[in-house]
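**Q** Quick one: this structure, given as structure tokens, is what I'll be asking you about.
Derivation of every value follows stated rules applied to the coordinates shown; laboratory data play no part. Please read these numbers as outputs of a predicted model, since none were measured by experiment.
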Amino acid sequence: MLRNMSKTHVFIIAALILMVVGAIYIYSGNDISSLSVCQPCYVVPEPDRIIVDTDVVEKEEIKPVPSSDKWKIGDLTMPSGVKYALPSTQIGRTDVNTVTNWNAPLVWEGTFDPVVIDAIYKKMDPRIAVVVFAVGKYTRFLRGFLESGEKYFLVDFRITYYIFTDNEKEVPRVALNKGRKITVVTVPSATRWQDVVLGRMKWATITIDKQIRQEADYLFMMDIDSVFHGRVGAEALSRLSAVLHRGYYKRTNRDDFPYERRPQSKAYIPIDEGDYYYTAAVWGGYLEDMYNLVKYCYNMSEEDKKNNIEAVWQEESHLNRYLLYNKPTKVLSPEYLWSDYDSVPSDIKVVRISQLVKNYAEVRPNGGH
């Protein structure tokens, strides 16, 4: 009886092996000799896709972001055994200011230890969303942004790039590091570059509310016509991080800042008020705080539209007003957004991100005007 059962088992196993080999044979195009194993063998995954509801942003209360069961914002614990240089209370940057007048860090190269700050945040293992818009001819900048981001941006952290585009066929297949992925969000085209800029706040508000809020702990809004040139790490993370505009960070007169000065606009800042001028090309923070800010910029732009006015620098004007009265918890130096148009001064020790030189009249839908 046992002998018969053993034979039966052998026949069953043999049949299963033949079925598996046959399946491999069919899958390989009837040439089993063509199968090979490569180490490492990496396949670039297809991006996820989202189609946003383009009709309306629902008027509803801001929902709380689901809290992490691993950490809460403000935790500064790190693993033991990390080796790093002893910090000094006497030596540091003396050529620049490193703290705001509301006692928030002003981050420059030489004001933090990348080993320490990354170790703290890697222990938290946060999920980080990067929102970029590549509409019209701006899809040409995607590959450079993504490939350089994989080399320099929050390396070894979990990242999802949310690419908002009107032409998903032009989203390149880019090899991503472990724990990182691309999600494509389909949005409408625009006939004016100003509408692309203002539309960012609308589509980002919808998508954060409907999906991103379930998938991320931090969020960065970034311009796609940029390239990473140096390390950007966890020192950029905070509840709300804003970047000093390269063209105005040395200005000491508030009159020089290109704030919206017309009282009719919701972005209005009086002539005798203001701290810094922040760029809207890079900003980030804890997801709930970023959602508040993005939705604010969208709602205020809509209020301006009802009053037949458009802020002088679109969402950047609304961003600066919000940050005047809702102070950022961390201010990043212009290292975090320089420009290939400008020479690099001595106080910029490293260019981490830089905007590319381009022909605005050629890439913008309304010829740059």
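**Q** Please report the base-10 log of the normalised intensity I(q)/I(0) for region 132-243, using a Debye sum with one equal scatterer per alpha carbon and no solvent, at each q in 0.13, 0.17, 0.21 (1/Å).
**A** Here the Debye-derived log intensity ratios amount to -0.49, -0.87, -1.35.
**Q** Take the alpha-carbon centre of region 132-186, take the same for region 244-260, and report the distance between them in whole Å.
**A** Centre-to-centre (Cα) distance: 31 Å.
**Q** Which aspartates and glutamates have a Cα less than 16 Å from the Cα of LYS358, not counting those fewer than 8 places away in the same chain?
**A** ASP223, ASP225, ASP340, ASP342
**Q** Additional query: Among rounded, prolate and oblate, which fits region 178-310 when a ≥ b ≥ c are the square roots of the eigenvalues of its C-alpha gyration tensor, a/c under 1.5 means rounded, and a/b larger than b/c means prolate?
**A** Note, shape of region 178-310 comes out oblate.
**Q** Shape of region 298-358 from its Cα gyration tensor (a ≥ b ≥ c, root eigenvalues): rounded if a/c is under 1.5, otherwise prolate when a/b > b/c, or oblate?
**A** Details: a/c = 3.85, a/b = 1.84, b/c = 2.09.
Oblate, because a/c is 1.5 or more while a/b does not exceed b/c.
**Q** Decide, for region 225-302, between rounded, prolate and oblate: order the square roots of the alpha carbon gyration tensor eigenvalues as a ≥ b ≥ c, take rounded if a/c falls under 1.5, and otherwise choose prolate if a/b is larger than b/c, else oblate.
**A** Details: a/c = 2.16, a/b = 1.29, b/c = 1.68.
In terms of gyration-tensor shape, oblate.
**Q** Here is a follow-up. Run through all the Cα pairs of region 85-183 and give the fraction in each 5 Å bin from 0, expressed as whole percent.
**A** 2, 10, 17, 16, 13, 13, 12, 9, 5, 2, 0
**Q** So, one more: If you take the alpha carbon radius of gyration of region 253-345 and divide it by 2.2 N^0.38 Å, what ratio comes out, to two decimals? Mind dumping the intermediate values first?
**A** Working: Rg = 13.8 Å, N = 93, 2.2 N^0.38 = 12.3 Å.
Dividing the Cα radius of gyration by 2.2 N^0.38 Å gives 1.12.
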